[in-house]
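The values are calculated or read from the model by the stated rules, or taken from the named source; none is laboratory data. Here the structure is a predicted model, which means the values were calculated and not measured. Methodologically, a virtual Cβ is constructed for each residue, glycine included, from the backbone with ideal geometry; neighbour enumeration extends over all protein chains shown.
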Amino acid sequence: MADNAQVALRAVGLRKHFGGLTAVSDVSLDVHTGEIHAVIGPNGAGKSTLINLLSGDLSPSAGEIMLGGQNSSGFDDITRLAPDRRARAGLGRSYQKTTIFPQFSAQENVRLAAQAHAASPLKMFGNVTSDADVNRRTSEALEQAGLLARAQMIATHLSHGEQRQLEIAMVLATQPRIILLDEPLAGMGQSEARKVVDLIASLKQGRAVLVVEHDMDAVFELADRLTVMADGHVIASGLPQDVRIDPAVRLAYLGV
Ligand code: ADP
Ligand code: MG
């Protein structure tokens, strides 16, 4: 494929069973560097399960997950890698439920994320990542997420929208090449959502972004590529303007 060079993350034939239920069924997709790939679909479609498979929080029943651009042969198989190893390989994610420490400041939360990522087995041979590096990554992440002015505020005192910005800052502090976001706009008012949409738009600079989101205005504003899931299957994928007029998509969403 001509555009393999830009594929940062590739899923091939992913499947996940929970007992008799097939939550994800034969899902293949590519996430490209410099692009936002949105995944949409009704509740229960398998979107969060797909993110969990990509991040390594769940193991697939079948299929492969590969990182692009790591070596000369093009792809590295990460299907069996634990989540922390994937994170170290450049895969960052947010969760649908918050992972913030509520009584710590915004800055402390981001610093912890930067430190957790820096702590590697190599550390026993010396301080691989310096405090200065952690400090730099912490302030860069706070700045990109628009939280510098809120850095000293206790996380629980931040607005809902600012807490989502903080989660993204915590992902950025791990310096990912690929970012997976599960419903980053959930429960947000319009003005809060505006800020977070702008933040998400900025993430694709030099990175690949996969975002699961229900807010269709945001999806069509952000997405360079779109995959639609229903009942565990991909029912449509491609450019947003093509997918939105796809009869199978209209049927899944509108029942017409
Ligand atoms: P979505 O994020 O698109 O709403 P999910 O991936 O959360 O969908 O869920 C897909 C299906 O898998 C649903 O039917 C859900 O009930 C089921 N499911 C998700 N996680 C589990 C689990 N850990 N155990 C059993 N069933 C699950
Ligand atoms: Mg979900």
Across the stretch 148-202, what is the total count of residues that are under 14 Å from the mean Cα position of the chain (by Cα), within 22 Å of residue 216 (Cβ to Cβ) and part of a loop (DSSP other than H, G, I, E, B)?
3
When only residues in the stretch 60-80 that are surrounded by 14 or more Cβ atoms within 10 Å (Cβ to Cβ) and farther than 21 Å from residue 23 by Cα count, which is modelled with the lowest pLDDT?
70
Taking residue 37, is it away from ligand 1 (no atom under 15 Å from the Cβ), farther than 17 Å from residue 83 by Cα and in contact with a helix residue (DSSP H, G or I) (Cβ under 7 Å, 6 or more places away or on another chain)?
no
Residue in the stretch 40-69 that is farthest from ligand 1 (Cβ to nearest atom), counting only those that are assigned to a helix (DSSP H, G or I) and among the hydrophobic types (A, V, I, L, M, F, W, C)
54
By residue number, the members of the stretch 223-256 that are touching a Gly at 6+ places or on another chain (Cβ under 6 Å) and outside any strand (DSSP E or B) are 232
May I ask you to verify whether residue 34 is away from ligand 2 (no atom under 15 Å from the Cβ), exposed (fewer than 14 other Cβ atoms within 10 Å of the Cβ), part of a loop (DSSP other than H, G, I, E, B) and at pLDDT 95 or above?
yes
Does residue 81 count as in contact (Cβ under 8 Å) with a residue 12 or more places away in the chain, touching a strand residue (DSSP E or B) at 6+ places or on another chain (Cβ under 6 Å) and in the same structural domain as residue 249 (by TED's automatic domain parsing)?
no
Take the stretch 152-209 and flag every residue that is buried (at least 18 other Cβ atoms within 10 Å of the Cβ) and small (Gly, Ala, Ser).
155, 161, 169, 173, 193, 208
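For (1) surrounded by fewer than 15 Cβ atoms within 10 Å (Cβ to Cβ); (2) farther than 23 Å from residue 225 by Cα; (3) not aliphatic (A, V, I, L, M), each residue gets a yes or a no:
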{"site": "38", "(1), (2), (3)": "no, no, no"}
{"site": "54", "(1), (2), (3)": "no, no, no"}
{"site": "58", "(1), (2), (3)": "no, yes, no"}
{"site": "82", "(1), (2), (3)": "yes, yes, no"}
What number of residues within the stretch 12-48 satisfy the criterion of being within 16 Å of the chain's Cα centre (by Cα) and polar (S, T, N, Q)?
2
For the stretch 19-31 the number of residues that are assigned to a strand (DSSP E or B) and of a type in the set (Gly, Ala, Ser) is 3
